[in-house]
1. Give me the angle, in degrees from 0 to 90, between the Cα long axis of helix 272-282 and the longest principal axis of the Cα atoms of the chain, rounded to the nearest 10.
2. How far is it, in nm, from the label point at residue 51 to the one at residue 83 when both lie 7 Å from their Cα along the line to the Cβ?
3. For residue 330, list long-range residues whose amide hydrogen, built 1.01 Å from N in the peptide plane, is under 5 Å from its own amide hydrogen.
4. Residues with beta-carbon under 13 Å from that of residue 97, excluding residue 97: net charge, scoring Lys, Arg +1 and Asp, Glu -1?
5. For 228, 122, what's the largest-to-smallest order of accessible area, 1.4 Å probe?
6. Please label the shape of the chain as rounded, prolate or oblate, based on the square roots a ≥ b ≥ c of the eigenvalues of the alpha-carbon gyration tensor (a/c under 1.5 means rounded; beyond that, a/b larger than b/c means prolate, else oblate).
7. Looking at the chain as a GNM with Cα springs under 10 Å, which of 225, 121, 164 has the largest mean-square fluctuation?
8. Which peptide among 193-202, 209-218 comes first, and what is the full order, when sorted by highest mean count of other Cβ atoms within 10 Å?
Amino acid sequence: MSTTITLPRPDDWHLHLRDGAMLNTVLPHTTRHFDRAIIMPNLVPPVVRADDACAYRDRILAAMPADATFTPLMTLYLTEDTDPEDLAAAYASGLITAVKLYPAGATTNSASGVRNFEKVRHVLDKMAEIGCPLCVHGEVTHDDIDIFDREAAFIETVLDPLRRAIPELRVIMEHITTKNGVDYARAGGDNLGATITTHHLIINRNHILVGGIKPHYYCLPVAKREEHRQALVKAATSGDARFFLGTDSAPHLDHHKESACGCAGCFTAPNTMSLLAHVFEDAGALDQLRAFACENGPAFYGLPVNTGTLTLTKQDTPVKFPSKIETPEGQLTVFDPGFDVFWSAE
Ligand code: NCD
Ligand code: ZN
């Protein structure tokens, strides 16, 4: 017997597509299921000015499979030199949908990020004025703060003061990984949203470290204790409109992950919707998947829900996902949840 559910086509509110050969390889895995995605700007060099976003969007559109119904929602990478007028013009024209804040050094390709928040205050004021949302990588980067405490410390020492200083700024707490993040987002007003990744609903820090180091489970923010994972599942499956899907699918070639200094990022684009169906069913909340993956994100961004549909079918036998994907530059590992998944997505 098979069970099916039909959803509006979902969106991914945080996605790394990379560039060049990698872009060509990974893009079809997203366009197969998703109609829109917020495209992260952490290329080398980063997408800083409107012209960069325009050129990157053209490269994405050129890489699209012929039958795709996908719209990339572009972002600019906030630096201490960002020109607020260039940003405002890009937002007004519809070229960009949001701006991304990386604290300098927080994650992959974040060296151009913000060190001194005073230096971007005038840009954030401009964004508040024009209604442009700020996507925030919420981790402090100080050496003296333990990596597992960096999200909680960011909320207390950076995010909360920032939101109090500029309450009109629309902020997305990206890829939250802690109960602290859940609680802060839940208590925020209409100007605050939070994305949750697929992998943070599935793994805790034991998955990375017990029985040998598992580099394909290493991502940033790093997965936390089981109690935090459970808080994320509760938030995602609650129907609360502040929480929505941002996969943070972040492909790196295997030889960059399986290395003495392995890159952070989990590649979940190919199996995300199947995994989410599993997680939501497990939580007894399959009926909330529509809100999390299809409705809450568009509502926050003021966009319509997609009109096409995606059907999830529960099979009698486990779905077979590729464990590796070939790229012209080497292999890429698909996120392995560590359990059988019976939901297929089409
Ligand atoms: C991302 C990447 O590889 O670009 N890595 C990750 O672990 N999530 C960067 C990021 O979103 O932090
Ligand atoms: Zn990311």
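The values are calculated or read from the model by the stated rules, or taken from the named source; none is laboratory data. Fair warning: this is a prediction, and the values are worked out from it, not measured in the lab. No Cβ is skipped: glycine too gets one built from the backbone with ideal geometry, and neighbour counts run over all protein chains shown. Side chains are part of the model used for accessible areas, which takes the heavy atoms of the whole protein and leaves out ligands, DNA and RNA. Shrake-Rupley method; radii C 1.70, N 1.55, O 1.52, S 1.80 Å.
1. 70 degrees
2. Label at residue 51, label at residue 83, 0.8 nm between them.
3. Placed amide hydrogens put nothing under 5 Å from residue 330.
4. Numbers: positive: 36, 57, 100, 170; negative: 11, 12.
Computed value for this residue: +2.
5. Working: 228 30, 122 95 Å².
Ranked from most to least accessible, the order is 122, 228.
6. Working: a/c = 1.33, a/b = 1.27, b/c = 1.05.
Taking the square roots of the gyration eigenvalues as a ≥ b ≥ c, the chain is rounded.
7. Fluctuation is largest for 164.
8. Working: 193-202: 26.8, 209-218: 14.4.
Top to bottom by mean Cβ count within 10 Å: 193-202, 209-218.
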